[in-house]
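A short write-up of the structure that comes next.
The values are calculated or read from the model by the stated rules, or taken from the named source; none is laboratory data. All values reported here derive from a predicted model rather than from experimental measurement. Don't worry about glycine lacking a Cβ; one is built from the backbone with ideal geometry, like all the others, and counts go over all protein chains shown.
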Amino acid sequence: MKNFTIHLVILVFLFVSKVLGQETFESRAKHIAIKIEKITKEEKETLKLEIEAVNEQLSEGKITREQADKRKKELAEARAVIIEEKVTLAQNELNELVQEKVDGKLKEKDIPSSYTIRWSRKNSDKDSIRGEKRTTSQFVFAAGLNNMMADGELQDSNYKFMGSHFYEWGFTYNTRLIKTDNLLHAKYGLSLMYNNIRPTNNRSFVVNGNQTDLEVNPVNLKESRFRNVYLVVPVHLEFDFTKPKESNGNTYFKTHKSFRFGVGGYAGINLKSKQILKFEEDDLKYKSTIKGEYNVNNFIYGLSSYIGYKELSLYLKYDLNPLFQDNLVKENNISLGLRFDFN
């Protein structure tokens, strides 16, 4: 638990540093977000057409309800794999950008001054002449540390603290709940969660009946990683302290311009589970990717909260149901990281 506290302090420090040097970093991150958004929109539209085709077959009596549900899940899983492959490069760009910020290598000259001025003027004029619609949309990206909890204790002896991580990206809608007040918002959407854990001491997961156990691998592993991908619906009550603006006797509301925090949760389904093992033998490098159910719960639900300034916030989420269905030791996933909400 001591290590957890230390790393929490580090993340808070990074968060404060980001707030102090926000514009340049966010401008570059926004370009990457637009790239990911384009990919996901195209693939989601394709998935929508595929689902409509299945519904048409169901309505015509060509397939049963069970067959339709199975086919829809297969299509969602296949499309998730395609999206994951396409956005990997963009995610790597974002990871490198975050690392540059952490290392202090990100300078103002990284963004042309003319672009910064144009962007600032455009948004400044927009702020002064009109407000946002009552419901707005955002692209969300989050990343950080990931681990497991059992009986209230962090399992950092079983899983590498810094080596285990999570990613999340998706789209949200943000609806102002009170027409004449900007404080309360309902935030809801659709996200893909990637939860990764790396076992310690040269171990990997082995399925023994209804139990999924960590066992020492006979091969000297260079990497042992267990990944679960989920499609979830997050819902939060957001408190936004952005002050309204007055212009020509009218009141205009904006969001994500000041401090804000949200509390809520999420629920969804497991799309896939896989174990990735890397090792060397006879001067040859091997990578083994083993897909399977691993007795992982098909559904996921949990609590989440975030607190931040403008687009950036510190993000915490905790699964209320255990990772494995029937394991004697109930381990629940917990994640802590940084979250970006781009309007």
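Some notes on this structure:
Rundown of residues vs (1) out of contact with any helix residue (DSSP H, G or I) (no Cβ under 6 Å at 6 or more places or on another chain); (2) under 26 Å from Lys272 (Cβ atoms); (3) not in a loop (DSSP other than H, G, I, E, B), yes/no style:
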{"residue": "Lys133", "(1), (2), (3)": "yes, no, no"}
{"residue": "Val140", "(1), (2), (3)": "yes, yes, yes"}
{"residue": "Trp169", "(1), (2), (3)": "yes, yes, yes"}
{"residue": "Asn174", "(1), (2), (3)": "yes, no, yes"}
{"residue": "Leu183", "(1), (2), (3)": "yes, no, yes"}
{"residue": "Leu190", "(1), (2), (3)": "yes, yes, yes"}
{"residue": "Met193", "(1), (2), (3)": "yes, yes, yes"}
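- Conditions (1) of a type in the set (Phe, Trp, Tyr); (2) free of Cβ contacts under 8 Å to residues at least 60 places away in the same chain; (3) over 28 Å from Glu153 (Cβ atoms); number of the one not met by Phe261: (3)
- Flag for Phe226 being of a type in the set (A, V, I, L, M, F, W, C) and modelled with pLDDT of 95 or more: yes
One line per residue, one yes/no per condition, for (1) without any contact (Cβ under 8 Å) to a residue 24 or more places away in the chain; (2) touching a helix residue (DSSP H, G or I) at 6+ places or on another chain (Cβ under 8 Å); (3) in a strand (DSSP E or B):
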{"position": "Glu293", "(1), (2), (3)": "yes, no, no"}
{"position": "Leu303", "(1), (2), (3)": "no, no, yes"}
{"position": "Tyr306", "(1), (2), (3)": "no, no, yes"}
{"position": "Asn321", "(1), (2), (3)": "no, no, no"}
{"position": "Asp326", "(1), (2), (3)": "no, no, no"}
{"position": "Val329", "(1), (2), (3)": "no, no, no"}
{"position": "Ser335", "(1), (2), (3)": "no, no, yes"}
{"position": "Arg339", "(1), (2), (3)": "no, no, yes"}
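- Test result for Val206, more than 24 Å from the chain's Cα centre (by Cα) and without any contact (Cβ under 8 Å) to a residue 12 or more places away in the chain: yes
- Any hit, the range 236-247, residues being touching a Leu at 6+ places or on another chain (Cβ under 8 Å) and closer than 17 Å to Val296 by Cβ: no
- Residue satisfying all of: in the range 232-273; of a type in the set (Gly, Ala, Ser) and part of a loop (DSSP other than H, G, I, E, B); farthest from Asn196 (Cα to Cα) among these: Gly249
- In this structure, Tyr315 does satisfy being in contact (Cβ under 8 Å) with a residue 40 or more places away in the chain and surrounded by 20 or more Cβ atoms within 10 Å (Cβ to Cβ).
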